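Input: a single structure, listed below in structure tokens.
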Amino acid sequence: MVIRFDVFVSHWVYYLLVPVDLPPWFSSMSIALKSSVNLDIKSAEKVPKSVLPMICFRDGSLPLPDVSSTSLEVALSNRSFDGIQVLQNMEQCYPVPRNMTMKLTNEQISARVLYFGLFNGVGPTRTQSKMIVRNRAYSFTANISVEGCTTSTMQGQYCNQTIELLSCARSGNSSGNGSVSGFFNQSMVLCRNNFETSCHGDGEMKIYSLEILRITESLTISVQNLRLRPLDSIGNSSRIYLMCFARYGAMPLATLHDYSGDLNQSPLVIRFPKVGQWYISILALHLAKEIGGALSNVSKVCYSLEVQELECPLGKAGPNCSSERYMLQTVLRKYSTPFESYYLPDGGDVISDALNFHLEPLLSNYSVGGLDTWTYFLLDVPRGAAGGNLHVRLMSDRKMNYEIYARNGGLPSLINWDYYYVNKTSSSGDSVFFVLYNSSDEKVDFYILYVKEGIWNIALRHLNSTGDISDGQTTMSISLERCPKRCSYHGACKSALDTSGLTLYSFCACDRNHGGFDCSIEIVSHQGHIWQSIALIASNAAAVFPAFWALRQKAFAEWVVYTVSGISSGLYHACDVGTWCVLSFGVLQFMDFWLSFMAVVSTFIYLTTIDEVFKRAIHTAVAILTALMAITKATRSSNIILVMGIGAFGLLLGWLIEFSTKYRSLSCSMGLCLNRLERWPSREWLQNLVNTVMKRFRWGFVLAGFIALAMAAISWNLESSQSYWIWHSVWHVAIYSSSFFFLCSKVKTINSGNRTPTDANYQLTQQDSLSQGA
């Protein structure tokens with residue numbers, strides 16, 4: 001399976017979100033990325049994080065680069081793309097290199113959906129709505145290839161590792177009296193291997209696999225009938241190390257595993273294993289060690305592997321199956337996007353129009369010796385909903401004695417959890433995907449961001465106290481939402497699909513004053529917002545200067561263009577900063593850019609002395625062309641060069657029209673033209689042309705115009721998301737001032753019909769008349 005994409009991207013929440021679905025039979029995955037980013041590690045450390053291109057990895061769900069400042073610091077400290085490093089920091093980000101090649105095998109990463117996202121900058125301003133900021137765009141080309149094995153019994157990087165599937169069968173129940181002091185009925189699934197094939201030598205590893213289908217209390221791995229080969233070998237089986245390595249979803253190694261133990265000493269017990277595929281490897285060591293002065297001749301060790309799955313009956317979970325377990329039902333929200341839903345217990349005490357449910361009637365009441373009780377809630381996050389956020393709330397009318405533990409794929413405990421909450425000072429605050437809001441002794445409110453797909457288990461640990469649980473009333477709410485806290489009411493919740501089109505993810509597009517993944521960070525204060533609004537709107541008053549001069553010179557078309565351009569720019573920025581929108585934002589943006597383009601080109605055309613008929617024809621053509629530019633990608637930086645080019649072309653065209661009109665009397669026969677060319681006073685004509693150009697413009701104003709134009713170009717390049725308001729205000733003043741200076745630089749020319757003796761054409765005509773008279 002090969003995935004290839006070529007993309008040209010600019011600033012957005014996500015450049016690109018790419019899921020790679022790794023099937024159980026995959027052997028390796030290779031990623032080759034080429035980009036136009038020209039940064040090394042040293043230069044990347046100097047680039048502001050808000051514009052630093054990043055690539056982020058995460059397994060099972062979408063990456064999120066800027067929730068925690070820790071991820072930003074780690075991003076720059078990671079200086080390589082080694083596969084093991086990426087695996088162990090799967091929720092981290094890295095600066096995008098020019099070239100990146102990475103290969104991961106099924107011994108390094110489990111079969112799952114791996115997401116990676118490309119970002120143009122991280123930090124709070126990533127989601128802040130920008131006024132027109134020219135962020136650099138980058139191009140990316142990536143090849144993602146996934147190789148797999150043809151059979152499920154042969155795996156490994158080169159598909160040369162034999163996997164023995166354990167045969168499992170339900171062996172019956174472990175029953176008790178079901179009372180408070182005893183055990184509840186437990187069912188057991190027993191898995192064994194083939195004894196005849198379970199022999200291997202010193203340092204040889206054998207790998208087994210089994211699949212856990214239901215929530216399991218424990219997984220016990222042990223060996224039976226341990227024997228040495230040959231049968232008459234010298235040695236003691238108790239001195240042999242029979243190491244066991246267990247791992248969820250991937251091939252276990254001696255250096256990379258989830259659990260390990262010496263099965264020759266005691267069984268390996270895994271508490272609350274995750275549902276799914278497990279791999280177990282057995283490694284025999286020290287078979288030929290020296291014992292009693294003689295070297296052991298043990299060549300192989302044989303055994304029978306036995307794996308026991310202890311399952312609780314329906315509705316029970318936890319140690320000895322003594323706790324209550326509820327499978328929550330999914331209730332879709334009305335009039336919402338797909339996957340937005342609430343989770344409610346089946347037949348539970350539901351309140352508040354199916355939003356919350358009472359907690360006390362559902363709590364486990366089993367306790368021995370004052371031990372704390374656990375209650376488990378199971379819910380399913382469907383495929384394609386990895387871009388949502390799991391919202392958990394508890395509210396009580398008294399101080400709560402609850403701890404919350406959440407885990408994907410298995411039951412949580414004090415030592416096995418993905419996220420937890422104990423109190424305001426003790427929680428999963430170091431995780432970038434756990435966000436706590438406004439919690440107190442009577443309220444718990446947190447989000448698990450971009451929650452992974454599959455079965456989630458949320459456990460409530462009720463701390464044992466002298467008070468009865470009926471003394472207070474606690475309500476609980478669990479929901480799958482699009483954007484956390486509804487973007488804090490400072491932005492809009494947007495939705496998009498990943499490149500596969502199978503996962504819908506949501507993100508906040510914040511307003512001008514806020515940022516962060518939930519728009520909760522104030523980037524611009526209210527007072528600062530007022531000053532920014534005043535600067536951006538009032539700076540357009542500089543359009544009065546070129547408009548006044550155009551009106552004074554009776555250039556009514558230019559006067560209309562400058563006046564309307566300044567007004568439309570002021571109205572557009574008033575809407576852009578959130579002050580007031582007289583029309584829709586799109587219409588105002590189009591009017592602003594279109595009239596700004598027209599104002600620049602009109603300045604060039606004004607410098608010519610052609611008839612009004614020709615000027616209006618050029619204005620009409622320019623109006624159509626600039627309108628097309630403004631309605632399609634108006635904010636691209638290349639438009640500045642394009643508009644200047646159109647203006648220069650209009651000026652050149654005007655001069656050509658002026659030249660052809662002024663010298664049309666030179667049209668003649670070939671012989672007469674040759675006679676004139678022989679007598680053409682080229683040096684005197686060139687000198688008169690230079691004098692005419694020098695007298696046509698006031699060069700002090702021309703110099704001032706170019707200085708103002710240079711200021712506009714500098715302010716354009718200095719604009720950033722933080723300083724946009726100040727430099728764009730300077731841009732307004734500078735660009736309108738340059739137009740004013742260029743308008744003032746033009747000297748009103750003498751009518752072409754009243755030529756003076758200094759005019760080259762006039763002198764040439766006089767010479768022709770004299771020659772004809774002679």
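One table, with the values for the structure above:
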read-out: Residue in region 278-303 that is modelled with the lowest pLDDT, counting only those that are under 52 Å from the mean Cα position of the chain (by Cα) and open to solvent by 50 Å² or more (accessible area, probe 1.4 Å); value: H286
read-out: Residue count, region 12-42 (criterion: modelled with pLDDT of 75 or more, buried (at least 16 other Cβ atoms within 10 Å of the Cβ), of a type outside the set (S, T, Y) and not in a loop (DSSP other than H, G, I, E, B)); value: 9
read-out: Answer residue from region 481-538, given it is among the aromatic types (F, W, Y) and part of a strand (DSSP E or B) and is farthest from G566 (Cα to Cα) among those; value: Y505
read-out: Residue check for I521: assigned by the TED database to the domain that holds T609, open to solvent by 60 Å² or more (accessible area, probe 1.4 Å) and under 40 Å from the mean Cα position of the chain (by Cα); value: no
read-out: For Y562: the one exception among (1) within 30 Å of G647 (Cβ to Cβ); (2) not assigned by the TED database to the domain that holds V643; value: (2)
read-out: Total residues in region 561-587, condition free of Cβ contacts under 8 Å to residues at least 24 places away in the same chain, in a helix (DSSP H, G or I) and open to solvent by 70 Å² or more (accessible area, probe 1.4 Å); value: 1
read-out: Some residue of region 86-94 being more than 25 Å from A386 (Cα to Cα) and either open to solvent by 50 Å² or more (accessible area, probe 1.4 Å) or modelled with pLDDT of 80 or more (or both); value: no
read-out: Odd one out for S440 among (1) farther than 17 Å from N389 by Cβ; (2) at pLDDT 90 or above; value: (2)
read-out: Helices (runs of 4 or more DSSP H) contained entirely in region 601-716, each with at least 2 residues that are modelled with pLDDT of 80 or more and over 27 Å from L536 (Cβ atoms); value: 612-631, 638-662
read-out: Any hit, region 492-503, residues being in contact with a helix residue (DSSP H, G or I) (Cβ under 8 Å, 6 or more places away or on another chain), touching a residue at least 12 places away in the same chain (Cβ under 8 Å) and open to solvent by 10 Å² or more (accessible area, probe 1.4 Å); value: yes
read-out: Tally of residues being at pLDDT 70 or above, in a loop (DSSP other than H, G, I, E, B) and open to solvent by less than 40 Å² (accessible area, probe 1.4 Å) across region 48-84; value: 7
read-out: Filter pass, A386 being surrounded by 18 or more Cβ atoms within 10 Å (Cβ to Cβ) and closer than 24 Å to R126 by Cα; value: yes
read-out: Which numbered condition S129 misses (of (1) open to solvent by less than 30 Å² (accessible area, probe 1.4 Å); (2) at pLDDT 50 or above); value: (1)
read-out: Residue within region 421-434 that is over 27 Å from L213 (Cα atoms), surrounded by fewer than 20 Cβ atoms within 10 Å (Cβ to Cβ), basic (K, R) and modelled with pLDDT under 85 present; value: yes
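The values are calculated or read from the model by the stated rules, or taken from the named source; none is laboratory data. What you are looking at is a predicted structure, and each value in this text was computed from that prediction instead of being measured. Counting neighbours? That spans all protein chains shown, and the Cβs are built from the backbone with ideal geometry, glycine included. For the accessible areas, the whole protein counts, side chains as well, though only heavy atoms, and no ligand, DNA or RNA atoms are used. Shrake-Rupley method; radii C 1.70, N 1.55, O 1.52, S 1.80 Å.
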